[in-house]
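Report on one structure; see the data block that follows.
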Amino acid sequence: MNVRKAVIPAAGFGTRFLPVTRSVPKVLLPVLDTPSIHYMVEEAAQSGIRDIAIVISEGQEALTRYFNPNAKLEKALASQGKDELVQRLRAISDMANITYVHQAKALGLGHAVLMGRDFVGDEPFAVFLPDDLIWAEKPTIRDMTAIYEQHQGSVIAVREATPERVPNLGIIDPEHLAGNLIRVKRMVEKPRLEDAPSRLGVIGRYVLDPQVFSELENGKPGALGEIQLTDAINALAQKKGVYAYEFPGVHIDVGVPSGLVKASVYEALHRGDDDLRQWLRGLLDDRK
Ligand code: G1P
């Protein structure tokens, strides 16, 4: 079955971004001029996934407005002759059919994904973590849905992590297959470096078999006392094939302020902002 749906957990408090997250949901913080949640929905839409559930918590209603049409703004822009901008804004609302699901208690990533169960039903689905931004020639999730369809097993995105990052990530025990495809023998959430089965860390893209919901429902609190998605996928991996994909492209973790700055700089340079390039060169030369 084709992957047609996605769940995007976005309910976190964003404590690393306080004070701004007192009033602005973290996933609306801009990478240059575009919020991280936009990149997730765009990557989904470019991969043929148009039905999306965003999991939010109380106080994050501003998020729901981002994808809604804004007739007043469009009218004002149209009267100024800014038709191209109007088209760009309309395209954002037309990108996908978005449903908002509320997570009443912050019980962990696994619990947030479980909130999407009724929306997903009994079919494979994608999960995007908005902290993980990826620039690649082809959308990462599109490659992963192709792997799912070929192997009929869940697929997670992985990348080699630095030793410092290992205790912050889900880490897999890999059996390398052909090319950048790996079979997951086991995975652990936030292991100590000395206990980690490899350095291959999970990055926030998943294509999951709906059976993961039963594992989540039966799941006990794991690392940090939270219901972990990693534990549910690990339980699944003991019963049927789970695969990992070492994806190409540039990945930046925008879940920390310095990452958001890096991503903004990367995006600006990617768009050809030579003024910024020169300014950065000058800044770095002055500091030598
Ligand atoms: C989550 C997952 C973890 C994964 C990481 C990627 O952790 O639980 O397995 O490696 O995202 O960004 P979090 O960043 O929510 O602590």
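Annotations
- In the chain, the DSSP-assigned H stretches of four residues or longer account for a calculated mean residue ellipticity at 222 nm of -10500 deg cm²/dmol, using -39500 (n - 2.57) per stretch and the full residue count as denominator.
- Positive-end ranking of GLY48, GLY170, VAL27 along the dipole of the chain, with charges on Cβ about the Cα centre, is headed by VAL27.
- The chain - Rg over Rh from alpha carbon coordinates, Kirkwood radius: 0.98
- When each of the peptides 92-101, 203-212 is scored by how many other beta carbons lie within 10 Å of its residues on average, the order from highest to lowest is 203-212, 92-101.
- Using alpha carbons only, the radius of gyration of the stretch 1-77 set against its Kirkwood radius gives Rg/Rh = 1.01.
- With a threshold of 30 Å on the Cα-Cα distance, the over-threshold entries among LYS5/LYS138; LYS105/LYS190; LYS26/LYS185; LYS105/LYS262; LYS5/LYS105; LYS138/LYS240 are LYS26/LYS185; LYS105/LYS262.
- Taking amide H positions as modeled 1.01 Å from N, with prolines and chain starts lacking one, the residues under 5 Å from GLY170 and 5 or more places away or on another chain are LYS190, VAL202.
- The magnitude of the dipole of the chain, with charges of +1 and -1 set on the Cβ of Lys/Arg and Asp/Glu and taken from the Cα centre, is near 280 debye.
- Nonpolar atom fraction for the stretch 98-183, defined as the carbon and sulfur part of the 1.4 Å probe accessible area, stands at 50 percent.
- In the calculated pair-distance distribution of the stretch 184-288, the portion above 20 angstrom amounts to 58 percent of the Cα-Cα pairs.
- Once Rg and the Kirkwood radius are both taken over the C-alpha atoms of the stretch 113-244, their ratio Rg/Rh works out to 0.93.
- Shape box of the stretch 54-178 [Cα atoms, principal axes, largest first, Å]: 59, 37, 36
- For the stretch 146-204, applying the loop criterion from DSSP together with a ceiling of 11 other beta carbons within 10 Å to the trypsin sites (Lys or Arg not before Pro) yields ARG192.
- Carbon plus sulfur fraction of accessible area for the stretch 17-80, probe 1.4 Å, in percent: 53 percent
- For the chain, the relative contact order comes to 22 percent (Cα pairs under 8 Å, sequence separation of at least 6).
- Within straight-line cross-link reach of LYS82, lysines at Cα separation under 18 Å, skipping those fewer than 8 residues along the same chain: LYS72
- Averaging 1/r over each pair of different alpha-carbon atoms in the stretch 188-230 and inverting the result gives 12.0 Å, the Kirkwood hydrodynamic radius.
- Against the rule of thumb 2.2 N^0.38 Å, how large the Cα Rg of the stretch 234-288 comes out: 1.85
- Heavy-atom accessible surface of the chain, averaged per residue, reaches 51 Å², computed with a 1.4 Å probe.
The values are calculated or read from the model by the stated rules, or taken from the named source; none is laboratory data. Predicted model, so just to flag it, every value in this text is computed and none were measured. Cβ: placed from backbone, ideal geometry, glycine included. Neighbour counts: every protein chain shown. Keep in mind that these areas ignore ligands, DNA and RNA; they rest on the heavy atoms of the full protein, side chains included. Shrake-Rupley method; radii C 1.70, N 1.55, O 1.52, S 1.80 Å.
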